[in-house]
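Asks: The following block contains the structure, expressed as structure tokens.
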Amino acid sequence: LEAKKRAEAEAKKQAAEEQSRQQQERIAALNEQMEAERQQEEDDKAMRAAIRKIKEAVERRWLKPPSASGGMSCKIQVRTLPGGEVVDVRIIVSSGDAAFDNSADLAVRKASPLPLPSDARLAGKFRSFNFEYKP
């Protein structure tokens, strides 16, 4: 009878320890998930800021062609070297106006090197990227 009670007590103790271990693992997993979400939010914020800076740099160098009208835009693919130097620019969605598209292409090239994020991991995402140019 005493041995049976000790065995039951030991089984309860092991079950409680297992439950505690599982709970600690769940807490650790939630903390990891929260940290990953916080990092993703920071990365998203930094990426938006970088794109805004790139667009501003391009716009400062843009010369509006006579045919450009309000609301025009084009989608541009840009390839860069690690320091932000532009190596290729392609219009992937035209505005419908060749002069506008060419002026946007030229403005991107003149903005080289582009202002990339200081975090090398994020800057790497700008080795090839698309953005909409809409002055």
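Asks: Since ILE27 meets every condition but one in (1) in contact with a Pro (Cβ under 7 Å, 6 or more places away or on another chain); (2) more than 25 Å from ARG127 (Cβ to Cβ), which condition does it not meet?
Replies: Condition (1) is where ILE27 drops out.
Asks: With the requirement that a residue be part of a loop (DSSP other than H, G, I, E, B) and under 21 Å from the mean Cα position of the chain (by Cα), what does segment 69-110 give you?
Replies: Here is the first cut: in segment 69-110, the residues part of a loop (DSSP other than H, G, I, E, B) are 69-73, 81-85, 94-97.
Those that are part of a loop (DSSP other than H, G, I, E, B) and under 21 Å from the mean Cα position of the chain (by Cα): LEU81, PRO82, GLY83, GLY84, GLU85.
Asks: Now a separate question. Take segment 118-135 and flag every residue that is within 16 Å of the chain's Cα centre (by Cα) and either modelled with pLDDT of 90 or more or assigned to a helix (DSSP H, G or I) (or both). Write out each step before concluding.
Replies: First, pick out the residues of segment 118-135 that are within 16 Å of the chain's Cα centre (by Cα): 118-132.
Within segment 118-135, ALA120, ARG121, LEU122, ALA123, GLY124, LYS125, PHE126, ARG127, SER128, PHE129, ASN130, GLU132 meet the criteria.
Asks: Quick check: is even one residue across segment 59-67 assigned to a loop (DSSP other than H, G, I, E, B), touching a helix residue (DSSP H, G or I) at 6+ places or on another chain (Cβ under 6 Å), touching a residue at least 40 places away in the same chain (Cβ under 8 Å) and open to solvent by less than 100 Å² (accessible area, probe 1.4 Å)?
Replies: Among the residues of segment 59-67, at least one is assigned to a loop (DSSP other than H, G, I, E, B), touching a helix residue (DSSP H, G or I) at 6+ places or on another chain (Cβ under 6 Å), touching a residue at least 40 places away in the same chain (Cβ under 8 Å) and open to solvent by less than 100 Å² (accessible area, probe 1.4 Å), which makes the answer yes.
Asks: How many of the residues in segment 68-94 are touching an Asp or Glu at 6+ places or on another chain (Cβ under 9 Å), open to solvent by less than 60 Å² (accessible area, probe 1.4 Å), closer than 23 Å to SER128 by Cβ and in contact (Cβ under 8 Å) with a residue 40 or more places away in the chain?
Replies: 6
Asks: Going through GLU41, GLU32 one at a time, which residue ends up being among the charged types (D, E, K, R) and more than 19 Å from the chain's Cα centre (by Cα)?
Replies: On the way: GLU41 fails: more than 19 Å from the chain's Cα centre (by Cα).
Result of the check over GLU41, GLU32: GLU32.
Asks: Suppose we keep only residues that are surrounded by 13 or more Cβ atoms within 10 Å (Cβ to Cβ) and charged (D, E, K, R) within segment 95-131. Which one would you say is nearest to ARG60 (Cα to Cα)?
Replies: That would be LYS110.
Asks: Which residues, taken from segment 49-58, are farther than 18 Å from PHE100 by Cβ and either open to solvent by 80 Å² or more (accessible area, probe 1.4 Å) or among the charged types (D, E, K, R) (or both)?
Replies: Across segment 49-58, the qualifying residues are ARG52, LYS53, GLU56.
The values are calculated or read from the model by the stated rules, or taken from the named source; none is laboratory data. Only a predicted model underlies this, so the values are computations on that prediction, with no experimental measurement involved. Neighbour counts are summed over all protein chains in view; Cβ atoms, including those assigned to glycine, are modelled from backbone coordinates with ideal geometry. Calculation scope for accessible area: heavy atoms of the full protein, side chains included, ligands and nucleic acids excluded. Shrake-Rupley method; radii C 1.70, N 1.55, O 1.52, S 1.80 Å.
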